[in-house]
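Written out below as structure tokens is the structure these notes cover.
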Amino acid sequence: MPYTTWRGVIGCIKPTRRPGSLEELIRMLPEGIGVIPLFLDIRQGTTDEFKRAIGPYEPLLDELAKEEVDLMLPEGAPPFMLLGYKGEARLIRKWERKYKTPIFTSGSNHVAALRALKAKRVVGATYFTGPINKMFSDYFEGAGFDMLAMEGIDAPFDSIGQLSSEEVYAHVKKVVLKHKKADAIYLLGSGWRVLPVIDMLEQDLGIPVVHPVPARCWEIQKRLSINEPVAGYGCLLGEMI
């Protein structure tokens, strides 16, 4: 059944079933944009689980194609970043040919946002620890960025939403102050609830922040030829750069 929301309809695939980022996105989006959400069920947050996740996206993309959405968003940075920047790009092209619908992933969205901000030297923060952070850095290096750091908070994957925004602010600030040549901050993952400190980080550290939810809202608008800045979540979305 086709949907006719007057400014466009997006279909998103959430990698987990935890609440938070979907509600944040819907509140940010301009009036007139419809959202059809579907869900995977990633629970452990391990490299092996992320590597197994790509296949299960396809049946959900099939569902969204049947609904004739205007734009597809298979979300979840880790599953796609583990393919590498070029591997992810090949997969997006394959899916766009198959579904005849524009598609962007979390990874490609974050690259587009950093490029729009003209970032070159980036400090990243995640809620993962161990070798997977090097894989994230390699992804962005493959996209042409100089990744000065990709440092994680040691917290359980299934309770990352319980971290306070103040804890995340302190973690990010500590990392950035060790790399004063950075010209952008990247926050990987939609699981932490940190929207209240994005403007604060930009003001205190003097460089822009790319967070998945505002970046998603920014690219949705760009793709649907909409231009409604949303204040309070960093300059990318606040100025529709």
Between segment 1-77 and segment 216-233, the alpha-carbon center distance in angstrom:
17 Å
Net charge dipole size for segment 158-241 [Lys, Arg +1 and Asp, Glu -1 on Cβ; Debye, nearest 20]
280 debye
Could you work out which residue, out of Trp218, Trp192, Trp95, moves most in a Gaussian network model of the chain, that is, has the largest mean-square fluctuation with Cα springs under 10 Å?
Trp95
Note on segment 135-207: alpha-carbon gyration tensor, axes a ≥ b ≥ c; rule is a/c under 1.5 for rounded, else prolate if a/b larger than b/c, else oblate; result oblate
Please name whichever of Leu224, Met147, Ile198 sits farthest to the positive end of the charge dipole of segment 94-241, dipole taken about the Cα centre and charges placed at Cβ: Lys and Arg +1, Asp and Glu -1.
Leu224
Amide H within-cut-off set for Ile36, under 5 Å, with H built and near neighbours excluded
Ile10, Gly11, Cys12
Given (i) 67, 39, 32; (ii) 52, 39, 33; (iii) 70, 42, 33, which label gives Cα extents along the principal axes in Å as computed from the coordinates?
(ii)
For segment 195-211, take each phi angle, set θ = phi - 60°, evaluate the Karplus expression 6.51 cos²θ - 1.76 cosθ + 1.60, and give the result in whole Hz per residue in order, putting x for glycine and proline.
3, x, 10, 5, 4, 5, 4, 5, 5, 6, 9, x, 9, x, 10, 9, 10
Output wanted: per-residue J couplings in Hz (rounded whole) for segment 219-229, from phi through Karplus 6.51 cos²θ - 1.76 cosθ + 1.60, θ = phi - 60°, x for Gly and Pro.
6, 4, 5, 4, 5, 9, 6, 10, 9, 10, x
If the cut-off is a Cα-Cα distance under 16 Å, which lysines reach Lys120, setting aside same-chain residues fewer than 8 apart in sequence?
Lys180, Lys181
With charges set only on the Cβ (+1 for Lys and Arg, -1 for Asp and Glu), what does the dipole of the chain come to about its Cα centre, in debye to the nearest 20?
700 debye
Asserting the computed 222 nm helical MRE of the chain (DSSP H runs at least 4 long, -39500 (n - 2.57) per run, divided by residue count, to nearest 500) equals -12500 deg cm²/dmol
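Read-outs throughout are calculated quantities, based only on the coordinates presented, and are distinct from any laboratory measurement. What you see is a predicted model; the values in this text were computed from it and never measured. Here Cβ is always computed from backbone atoms with ideal geometry, including for glycine, and neighbour counts include all displayed protein chains.
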